[in-house]
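The values are calculated or read from the model by the stated rules, or taken from the named source; none is laboratory data. Being a predicted model, the structure only gives us computed values, none of them experimental. Every residue, glycine as well, gets a Cβ built from its backbone with ideal geometry; the counts of neighbours run over all protein chains shown. When the accessible area is computed, the model is the full protein with side chains, heavy atoms only, and any ligands, DNA or RNA have been set aside. Shrake-Rupley method; radii C 1.70, N 1.55, O 1.52, S 1.80 Å.
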Amino acid sequence: MSIKCSELTKVYEGGHSGWPALRGISFHIKPGEFVAVTGPSGCGKSTLLNIIGLLDEPSGGKYSLNGRNVFTLSDLERSDTRRDEIGFIFQSFHLLNRLSSVENVALPLMYAGAGRAEMHERAHALLRRVGLHGKEKKIPLELSGGERQRVAIARALANSPKLILADEPTGNLDSASSKEIMQMLTDLNAEGITVIMVTHDKELAARAGRNLRMRDGRLEP
Ligand SMILES: Nc1ncnc2c1ncn2[C@@H]1O[C@H](COP(=O)(O)OP(=O)(O)OP(=O)(O)O)[C@@H](O)[C@H]1O
Ligand SMILES: [Mg+2]
């Protein structure tokens, strides 16, 4: 995915007296890049990622995804793009606790209208791919943090995204699990998926192809 932002700003409604979370962010990410976003707590990293992922709207500036100005997309086009082209991975996994691994992974396939058999086969294949063969029926509480994050990665891959957005994907993991998750993201990137990862971990950031450093709602030069 090609991602072009120019002078993006974000002011949260009801935030402290309109202090902007983003104060003019411009960059271009080319298809197939692996970009790490770093910076102190509160500098706007998650805000930026949510805007890139069409989960939130900027207050000003320009943003185009694969050459399309996202401001011209209808609500339906935005949600279709989110579902079909973007995979999300979060620090706290965001799995549904009552559903098994395989059901969590199948959910986005169901929303995309897949048939039962196809859904079943693909969800199992994705879990094998992330090394969770045999854990298909476990619910999140029966899995380790690293395993939960692998389920989340399998779920993010369900609809074959072109872009993966990961917000502190290793923030709740020990260093061994962190390395495994980073390796998976690196492998996915090698297959051509664009990856944008927010991280506090300097070692992981150094392994990305490029770093965007943020401070107080801006990019550092
Ligand atoms: N929903 C919201 N409503 C109001 N203000 C918000 C909201 N979300 C974030 N903010 C504010 O916007 C600023 C940027 O927050 P953001 O979550 O993007 O930071 P971050 O860089 O991801 O921090 P962290 O590393 O702690 O996750 C902060 O001042 C935060 O308080
Ligand atoms: Mg954050």
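Numbers at a glance
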| item | result |
| --- | --- |
| Length-normalised contact order for segment 15-79 - Cα pairs under 8 Å, 6+ apart - percent | 23 percent |
| In Å², nearest 10: area of Glu7 left accessible to a 1.4 Å probe | 110 Å² |
| Whether segment 123-199 is rounded, prolate or oblate, judged on the alpha carbon gyration tensor where a/c under 1.5 counts as rounded | oblate |
| Gap separating the Cα centres of segment 155-221 and segment 107-138, nearest whole Å | 23 Å |
| GNM top mover of Lys135, Lys202, Lys179 - the chain, alpha-carbon springs below 10 Å | Lys202 |
| Segment 86-102 residues near the modelled Glu118 label - backbone nitrogen below 12 Å, point 7 Å along Cα→Cβ | none |
| Accessible area (Å², 1.4 Å probe, nearest 10) - Glu77 | 70 Å² |
| Potential lengthening between Glu13 and Phe71 on full extension [0.36 nm per residue; Cα-Cα distance subtracted] | 19.0 nm |
| Low-density loop cleavage sites - trypsin sites (Lys or Arg not before Pro) in segment 68-123, where at most 10 other Cβ are within 10 Å (DSSP) | Arg98 |
| Accessible area per residue, Å², the chain with all protein chains present, probe 1.4 Å | 50 Å² |
| Rel. contact order, % - alpha carbon contacts under 8 angstrom, at least six apart, the chain | 31 percent |
| Surface share of carbon and sulfur [accessible, 1.4 angstrom probe, percent] for the chain | 50 percent |
| Sites Arg78 and Tyr111 - FRET efficiency at Förster radius 22 Å, r taken between beta-carbons, to 0.05 | 0.95 |
| Surface accessible to a 1.4 Å probe, Thr72 within the full protein complex, Å² | 90 Å² |
| Tensor-based shape of segment 40-100 (alpha-carbon gyration tensor, a/c under 1.5 rounded, otherwise prolate or oblate) | oblate |
| Set of lysines near Lys62 by C-alpha distance (under 24 Å), chain-local residues within fewer than 8 positions excluded | Lys4, Lys10, Lys30, Lys45, Lys162 |
